[in-house]
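Have a look at the structure below, then the notes.
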Amino acid sequence: MSDSVSAIPLRTVAPDDRVLARVLAAYTVSATIWLVFTTAVGLLVSFKFAYPDLATTPALSFGRLRAIHTNGTFYAWASQALIGLALFIAARSSGARLYSERLAWVSLVLLNLAAVLGTVTLDLGFNYGQEYREWLWWIRAILGLGLITAVWNMIATVENREGEHIYLSNWYTIGGTLWTIVIVVVSILPLYQFGLGQVAVQAFFMHNAVGLWFTPLSLGVFYYALPKLLNRPIYSYSLGVFAFWTNLVFYPIIGAHHFEFSPLPWWLRIPGMVISGSRRW
């Protein structure tokens, strides 16, 4: 099975290799530092299961460290690594210069600022109280600004591409970043933060932070890396686009399966269960 678009060769030499390499290196180093830190925090948390009297000060309590570990892993390590790769892929697959090196640095600073503030406030005991969105709302707003500047850079870079078609990886990386901006905005809107609205938004945020953020960006990286490593075109561009749209259509409601037998309406919970089951089959 072969589509004409899938045969487009990937660029092997970008016109601004040094700029692009510098940006990718900065994101990689920053993400690696956060990976080491969050892994160390997670290791300490794991020891607390066997040794509950270990490090019992408030700043080192299980409740604070667990949130630091999960949020740091999500939004400091993985997010920075994936955005750095997405910027790299946008330029290399389009045969174009990165739209703005300065904007890439602004994105990295905003992401790190959010991560540092989130870590410090959590360790001081300031916690929003919802899983995977324990950061205070204004810190999540800074995270959102980092995503906005990053996706602006991606879109502007792809807009200056050499060919007519947008390479498949960029569908996933740009789409995933845009979806996550929506998720972050919904998570901080005051209108939805009370009663059942808060429950529904938590289900929406908790699952989509994985399915509409890490999943599409990781797939975008794979769609670039595998053809490069194998020196072969993508098997089917159409299948890749089909997977892109089915993930967007069916994934957002899955989080409702976390709240079975809750006061949420059945029309919301049943589709969540059905779609969750179908994805596992």
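Remarks
- Failed item in (1) of a type in the set (Phe, Trp, Tyr); (2) within 17 Å of Ile89 (Cβ to Cβ); (3) not in a helix (DSSP H, G or I), with Tyr235 passing the rest: (2)
- The single condition from (1) closer than 22 Å to Asn71 by Cβ; (2) touching a Pro at 6+ places or on another chain (Cβ under 8 Å); (3) surrounded by fewer than 16 Cβ atoms within 10 Å (Cβ to Cβ) that Leu196 fails is (1).
- Residue check, Leu147 in contact with a Leu (Cβ under 9 Å, 6 or more places away or on another chain) and outside any loop (DSSP other than H, G, I, E, B): yes
- Number of the condition not met by Tyr128 [criteria: (1) touching a residue at least 60 places away in the same chain (Cβ under 8 Å); (2) in a loop (DSSP other than H, G, I, E, B)]: (1)
- Residues that are more than 22 Å from Tyr132 (Cβ to Cβ), touching a residue at least 24 places away in the same chain (Cβ under 8 Å), surrounded by fewer than 20 Cβ atoms within 10 Å (Cβ to Cβ) and aromatic (Phe, Trp, Tyr) within the range 203-238 comprise just one, Tyr235.
- Tabulated pairs, the range 153-179, first buried (at least 21 other Cβ atoms within 10 Å of the Cβ), second of a type in the set (S, T, N, Q) and not in a helix (DSSP H, G or I), C-beta under 8 angstrom, 6+ apart or interchain: Asn153/Ser100
- Within the range 239-281, considering residues that are surrounded by 15 or more Cβ atoms within 10 Å (Cβ to Cβ) and not in a helix (DSSP H, G or I), the one modelled with the lowest pLDDT: Leu264
The values are calculated or read from the model by the stated rules, or taken from the named source; none is laboratory data. Fair warning: this is a prediction, and the values are worked out from it, not measured in the lab. When we count neighbours, we look across all protein chains shown, and the Cβ atoms used for this are built from the backbone with ideal geometry, even at glycine.
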